[in-house]
Amino acid sequence: MKVFLPNDEIDEQVKKLIRSFRKQMDGDVSEQMEKRGVSYRLNFGINLVSLRERAKTLPQNIEFADRLWHRQIRETMILATLSAPKEQMTSEMATEWSELIDNCELVEQAALNLFSKIEPASTLVEKWIISENPYLRSLAYYTLGWMFRFNDVSEELKNIAIKKASEETGEDNVFCLYRGITHFMKQMMRINPETKKECKDLIKVYETKQNKNLSWVTSELNNEIEFL
């Protein structure tokens, strides 16, 4: 765990926040998440709607958010992504945070709430998408998908991501990797329907690989193309 210099005010704010979680604790939810493979050092099982409401009451302070993230408690980590000032999130800090992401819920929440909306998003996606860590590749695809909504996506970055997606083998046992690819391709087509051709090309590549995870992606993308 990261070691911080003492800051009595922020430390007390963090402790008070964690103590308050016990009032909303739902052991059944946290147990079900554990069974689905969503594991945290500590999980109070508080629903996402409640966390989003709680985030509105928190200080917009990067040091506070950083301390929340490094507590490695489900609720503090999600609240960190919701409360961190986006203009103060550097590439270095985002990289440091990403190293602690080891489940699909955090991939999805971090991408949607924070990483897709920060200035170094493109640089981060380029780095994550070539990682051997499937959670980081998932983070790259999810972040890029939301960037089509919240940020600018260069033609170069889009092409890098499609090429990398075409190289996926389907052998990683991390399903949000395949949901992330699907999310990225769907958002790309919704913003620019002309990219359907690139999506169809990816589908053809996946069909040749005869892998159940990639087959799921092709089914989802074919449905999206029909819808569009």
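The values are calculated or read from the model by the stated rules, or taken from the named source; none is laboratory data. This one's a predicted model, so the numbers in the text were calculated from it and none came from an experiment. Here the Cβ positions follow ideal geometry from the backbone for every residue, glycine too, while neighbour counts run over all protein chains shown.
Which one is farthest from Arg190 (Cα to Cα) among residues in segment 206-228 that are crowded, with 17+ Cβ neighbours inside 10 Å and in contact with a Leu (Cβ under 9 Å, 6 or more places away or on another chain)?
Asn213
Can you find even one residue in segment 131-139 that is free of Cβ contacts under 8 Å to residues at least 24 places away in the same chain, closer than 24 Å to Ser20 by Cα, polar (S, T, N, Q) and surrounded by fewer than 16 Cβ atoms within 10 Å (Cβ to Cβ)? Outline the logic, then answer.
Kept after step one, since they are free of Cβ contacts under 8 Å to residues at least 24 places away in the same chain, are these residues of segment 131-139: 131-133.
Still in the running and closer than 24 Å to Ser20 by Cα: none.
Scanning segment 131-139, I find no residue that is free of Cβ contacts under 8 Å to residues at least 24 places away in the same chain, closer than 24 Å to Ser20 by Cα, polar (S, T, N, Q) and surrounded by fewer than 16 Cβ atoms within 10 Å (Cβ to Cβ), so the answer is no.
Which members of segment 148-159 meet the condition of being under 18 Å from Lys196 (Cα atoms) and either touching a His at 6+ places or on another chain (Cβ under 8 Å) or surrounded by 13 or more Cβ atoms within 10 Å (Cβ to Cβ) (or both)? So that I can check it myself, show each step before the final result.
From segment 148-159, those under 18 Å from Lys196 (Cα atoms) are 148-149, 153-159; that's our starting set.
Listed by number, the residues that qualify are Phe148, Arg149, Val153, Leu157, Lys158.
Examine segment 175-192 for a residue that is aromatic (Phe, Trp, Tyr) and either free of Cβ contacts under 8 Å to residues at least 40 places away in the same chain or more than 17 Å from Pro134 (Cβ to Cβ) (or both), and state whether such a residue exists. Write out each step before concluding.
Taking segment 175-192 first, the residues aromatic (Phe, Trp, Tyr) are 175, 178, 184.
This time we only want the ones that are either free of Cβ contacts under 8 Å to residues at least 40 places away in the same chain or more than 17 Å from Pro134 (Cβ to Cβ) (or both), so: 178.
Yes, segment 175-192 contains a residue that is aromatic (Phe, Trp, Tyr) and either free of Cβ contacts under 8 Å to residues at least 40 places away in the same chain or more than 17 Å from Pro134 (Cβ to Cβ) (or both).
Determine whether Gln13 is at pLDDT 95 or above and surrounded by fewer than 19 Cβ atoms within 10 Å (Cβ to Cβ).
On the way: at pLDDT 95 or above: yes; surrounded by fewer than 19 Cβ atoms within 10 Å (Cβ to Cβ): yes.
Yes; evaluated as a whole, the condition is true for this residue.
Which of (1) surrounded by fewer than 16 Cβ atoms within 10 Å (Cβ to Cβ); (2) within 14 Å of the chain's Cα centre (by Cα) is the odd one out, the single condition Ala110 does not satisfy?
Exception for Ala110: condition (1).
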